[in-house]
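> Quick one: the structure is below, questions incoming.
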Amino acid sequence: MVVLVVVQLVAFCVVAHGLSSSSSSSSQNNRLFLDQQEAMARQAAHEEAVFGGTERELVVPKAVRVAASKVKRGSGFAGGRQSPAEKEAAARAKVLAREGVLKMPGLGRDTAAKLRAAVLSEIDEAREAVKLRPETSMSRFHAREEQKLRSFVLLPLRRDEGLDDPIVSATAELLGEGTPLGDLYEKLCGPEAVLYDFYGLRTEPGSFRQPIHSDTPFQRVPPLYASFVALQDVDLDMGPTTFLPGTHTETDARLDFDVGMLDGRRDAMLAKAKPKFALLEAGDLVIFDMRVLHFGAANHPDKGATRIFLNLTFRNPRANADNLGHIPCIRPGFVNRFTLRDIRCQLKSDAPFDRAGTGLPPLSPAARIERQARVA
Ligand SMILES: *[C@@H]1O[C@H](CO)[C@@H](O)[C@H](O)[C@H]1NC(C)=O
């Protein structure tokens with residue numbers, strides 16, 4: 001049974017990340033890809049039926065709202081007694097420890113809109129680059145080929161758009177000194193937290209509901225905390241991400257889900273699961289412990305709309321990094337390169353990430369000559 005679940009999850013991850021998408025050359029691979037997609041669609045439809053309309057909206061818990069209302073932003077963590085900002089981060093960390101997921105403010109509407117435009121430009125640039133050099137697709141789209149309905153675009157840390165660089169502004173608003181998310185990550189993982197994923201996620205109308213899954217296998221110390229920021233409003237038709245709160249630890253319910261597929265325990269567990277979907281306004285953020293069960297709902301083919309998210313993950317340096325089950329979704333040159341402390345330090349400087357480079361691999365000598373010839 002366990003083997004069956006594992007095989008299924010591996011198949012899911014491969015399809016989800018488009019790793020088997022280079023199948024154009026082999027009809028057999030293509031067949032396998034389609035079979036996997038069909039099996040996933042069947043499973044997702046089954047899970048939807050088992051929920052039977054028990055999904056509810058994910059809301060900001062009252063204790064967190066109260067703690068947040070007492071903070072004068074920018075006051076930071078004071079030494080000695082707990083400051084209001086520390087109490088706010090502690091209230092959030094407590095919810096996250098209990099539920100495995102938490103909604104909170106991320107970006108202002110204006111920053112979110114500017115970042116959305118920047119992510120769309122990055123997608124255009126990546127498409128151009130990959131058209132010329134298909135072998136660079138992995139370092140641009142985290143896949144051998146960009147998928148039509150759902151793709152990742154790996155982002156730079158700055159776009160050289162002068163002082164108002166939209167990526168730098170967004171990073172400053174999210175992680176800079178005294179920000180709620182930055183303070184929360186510091187509380188959860190300490191200043192040595194490692195930036196692990198950094199990308200834009202695009203889903204289009206017609207993209208499927210995913211089967212329920214977690215992004216990293218269980219270990220006692222939470223290894224990865226993922227955040228995603230909506231860069232436009234996300235309504236029910238756009239496939240809100242849906243969570244099964246409390247399933248990030250080894251509870252009986254989680255065990256039923258993991259090993260009860262064939263004897264009905266999984267379905268019984270799902271029928272009682274109290275799923276929560278994340279309806280979001282532009283700029284809203286959801287942070288989750290990547291051990292928690294969740295899925296992306298379908299983006300409706302007619303009533304849906306293009307959905308862009310900024311996703312970022314930090315790895316907890318106190319956890320075991322050997323078995324994360326999740327390849328870093330970040331430009332290759334940025335893998336294990338920045339801690340939260342580094343990022344905060346950069347954001348305080350005059351030219352944040354000025355010397356970070358693009359994070360893309362250098363062109364091969366042959367490619368460089370070819371490009372020079374093209375430019376000349
Ligand atoms: C990225 O964001 C999307 C938002 O829809 C979410 O479903 C997904 O789980 C996130 N993944 C990670 C690794 O953060």
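> Whole-Hz ³J(HN,Hα) for each residue in segment 277-290, computed from phi via Karplus 6.51 cos²θ - 1.76 cosθ + 1.60 with θ = phi - 60°, x for glycine and proline: what do you get?
Rounded to whole hertz, the list is 9, 9, 6, 9, 9, 3, x, 5, 10, 10, 10, 9, 6, 5.
> How much of the accessible area of the chain, probe 1.4 Å, is carbon plus sulfur, in whole percent?
Carbon with sulfur: 55 percent of the solvent-accessible area.
> Below 8 Å, C-alpha to C-alpha, sequence gap of six or more: please give me the relative contact order for the chain in percent.
Reported as a whole number, the value is 24 percent.
> Which order do the peptides 40-48, 225-233, 326-334 take when ranked by the mean count of other beta-carbon atoms within 10 Å per residue, highest first?
Per-residue Cβ counts within 10 Å, averaged per peptide and sorted highest first, yield 225-233, 326-334, 40-48.
> Then there is this: Assuming 0.36 nm per residue, please report the length gained on full extension of the stretch LYS87 to ALA351 beyond their Cα-Cα distance.
91.9 nm
> Under 17 Å between alpha carbons, and skipping anything fewer than 8 positions from LYS274 in its own chain: which lysines qualify?
LYS103
> Next question, about the same structure. Looking only at LEU340, LEU32, LEU360, which one moves most when the chain is put into a Gaussian network model with springs between Cα atoms under 10 Å?
LEU32
> In nm, to one decimal, how far is the ALA366 label point from the HIS46 one, both placed 7 Å along Cα→Cβ?
Calculated label separation equals 4.7 nm.
> Based on the Cβ-Cβ distance from ASP263 to ARG220, what FRET efficiency comes out when R0 is 22 Å, to the nearest 0.05?
0.20
> Would you compute, for the Cα atoms of segment 198-335, the largest minus smallest coordinate along each principal axis and list the three values in descending order, in whole Å?
40, 37, 21
> Same structure again: About the Cα centre of the chain, what is the dipole size in debye to 20, counting +1 per Lys and Arg Cβ and -1 per Asp and Glu Cβ, all else neutral?
660
> Translational D (Stokes-Einstein, µm²/s) of segment 224-302 at 4 °C and 1.567 mPa s when Rh comes from the Kirkwood sum over C-alpha pairs?
94
> What are the semi-axes of the equivalent ellipsoid for segment 96-224, taken as the square roots of 5 times the Cα gyration tensor eigenvalues, largest first, in whole Å?
27, 22, 15
> Of HIS326, THR179, ALA305, which is farthest on the positive side of the dipole of the chain, counting Cα position, with +1 on Lys and Arg Cβ, -1 on Asp and Glu Cβ, and the Cα centre as origin?
Value computed over the given set: THR179.
> How far apart, in nm, are two points set 7 Å out from the Cα along the Cα-to-Cβ line at ALA63 and at LYS131?
Simple spin-label model gives 5.3 nm for this pair.
> With each label point set 7 Å from Cα along the Cα-Cβ vector, what nm distance links ASP233 and GLU250?
Inter-label distance under the simple model: 4.5 nm.
> When the Karplus curve 6.51 cos²θ - 1.76 cosθ + 1.60 is applied with θ = phi - 60°, which whole-Hz ³J(HN,Hα) does each residue of segment 200-216 get, with x for Gly and Pro?
My calculation for segment 200-216 gives x, 10, 10, 10, 10, x, x, 6, 7, 6, 7, x, 5, 7, 10, 8, 8 Hz in order.
> What fraction of the Cα pairs in the chain, stated in percent, has a spacing above 26 angstrom?
53
> Now for a separate question. Can you give the net charge of the other residues whose Cβ lies under 12 Å from the Cβ of LYS303, counting K and R as +1 and D and E as -1?
-3
> Using helices alone, what [θ] at 222 nm do you get for the chain, with -39,500 (n - 2.57) per DSSP H run of 4 or more residues, divided over all residues and rounded to the nearest 500?
-12500 deg cm²/dmol
> If you don't mind, another one. Which three lengths, in whole Å and largest first, does segment 156-212 cover when its Cα atoms are put on their principal axes?
Cα spread of segment 156-212 along its principal axes, largest to smallest: 39, 33, 18 Å.
The values are calculated or read from the model by the stated rules, or taken from the named source; none is laboratory data. Because the structure is a prediction, the values reported are computed rather than measured. Neighbour counts are summed over all protein chains in view; Cβ atoms, including those assigned to glycine, are modelled from backbone coordinates with ideal geometry. These area figures cover heavy atoms from the full protein model, side chains too; ligands, DNA and RNA do not enter into them. Shrake-Rupley method; radii C 1.70, N 1.55, O 1.52, S 1.80 Å.
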